[in-house]
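What follows is one structure encoded as C-alpha cells, with my remarks underneath.
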C-alpha cells in the first residue's frame, strides 16, 4: 500500500457482479466505491522532457452511467470492437458518421468530462533542479488537476477510483501517475474538500486496466484526440470531425491550463502550499 493509504493494483480481475457488463474490476463493494474516473494521457508528437504539450482527459460516472455507456457505445460501433482514433480513415465518409454517432454517448449516459492540459514550455524554467526533473511534469500537473476536480465533484461520504489504461506505449508514464497519486494527500492541506467529513480521502483506489478488449477507454481516446486537434488547428477538417464529443460534453477550447495557473500549481506541488 503506497503513501497516503490508497491501494494500487491492476483492475482487470474478473468480478462476478459485473459479468457481461464491461465493468469487470470496477466499483468494489467492500470499499463502497460509487464513482469511477476512467482517463488516459495524450502527448503531442513533439513531446519530450522540455517541450511539447500533454493532456489528461476522460469521464467520471457512477455504475449505472458506465453500464449505459458500455451498452450504447458497443451498439454504435457497429462491426468494430473498439475505437482507435489514430487508426481511423479520415478521408472516408463513414468516419464522420461514426464520430457523430459516438460523440453524444458519454453525455447522454450521464458521464461527466474532466480535462486538463499543460504546455510544458509554460513551466520549463521551473523544472531544473527539482524533484520532478526526471518526471514528465506536465503529465503530473494535468493528472492532479483532473483528479482533484473529479474528487471535488462527488458527494461527501462517497468514494472514487481512478482507472488508467495500461499500455506499452505509455507504461513509462505510469510512474508519473503513481507519483502524482502518492502526493495527492498533501493537497488536502489547502483543499480540505478532498477529504470526507471523517477525515479520510475520497480517493479510495487507483490502478491500471488493460485497454484491449474493453470500450471503457474509447471515450478518453476520443476526447483526448479531439483536444489535440483543437490545439493544432481548430479550423481543420479533422478537428471538425472530432468535435461532436466536445460539443455534447460542453468542453470548450483545447483544455489547457493558462500559464499562470500551471505555474502556480507547479509551485504548490513543490511546496505543499496553496
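Things to note:
- Test: residue in region 235-257 that is part of a strand (DSSP E or B) and either under 18 Å from the mean Cα position of the chain (by Cα) or at pLDDT 85 or above (or both): yes
- Any hit, region 63-72, residues being more than 21 Å from residue 182 (Cβ to Cβ) and surrounded by fewer than 15 Cβ atoms within 10 Å (Cβ to Cβ): yes
- In summary, residue 229 fulfils each of the numbered conditions (1) touching a strand residue (DSSP E or B) at 6+ places or on another chain (Cβ under 8 Å); (2) not in a loop (DSSP other than H, G, I, E, B) with the single exception of condition (1).
- Residue within region 151-172 that is buried (at least 21 other Cβ atoms within 10 Å of the Cβ), at pLDDT below 85 and within 19 Å of residue 114 (Cβ to Cβ) present: yes
- In the set (1) over 17 Å from residue 35 (Cα atoms); (2) modelled with pLDDT of 90 or more; (3) in a helix (DSSP H, G or I); (4) in contact with a strand residue (DSSP E or B) (Cβ under 9 Å, 6 or more places away or on another chain), residue 116 fails one condition alone, (3).
- From 212, 197, residue being out of contact with any helix residue (DSSP H, G or I) (no Cβ under 9 Å at 6 or more places or on another chain) and either within 29 Å of residue 80 (Cα to Cα) or part of a strand (DSSP E or B) (or both): 212
- Test set (1) over 20 Å from residue 181 (Cβ atoms); (2) in contact with a helix residue (DSSP H, G or I) (Cβ under 6 Å, 6 or more places away or on another chain); (3) in contact (Cβ under 8 Å) with a residue 24 or more places away in the chain - residue 88 fails condition number: (3)
- Condition met for residue 190 (at pLDDT below 85 and farther than 23 Å from residue 128 by Cβ): yes
- Qualifying residue in region 7-22 (condition: within 24 Å of residue 206 (Cα to Cα) and at pLDDT 55 or above): yes
- The residues in region 67-97 that are assigned to a helix (DSSP H, G or I) and over 16 Å from residue 246 (Cβ atoms) can be counted, and the count is 17.
- Of all residues in region 29-50, none are part of a helix (DSSP H, G or I), under 17 Å from the mean Cα position of the chain (by Cα) and at pLDDT 90 or above.
The values are calculated or read from the model by the stated rules, or taken from the named source; none is laboratory data. It should be emphasised that the depicted structure is a prediction, and the values quoted were computed from it without experimental measurement. Glycine also receives a Cβ, built like all others from the backbone with ideal geometry; neighbour counts cover every protein chain displayed.
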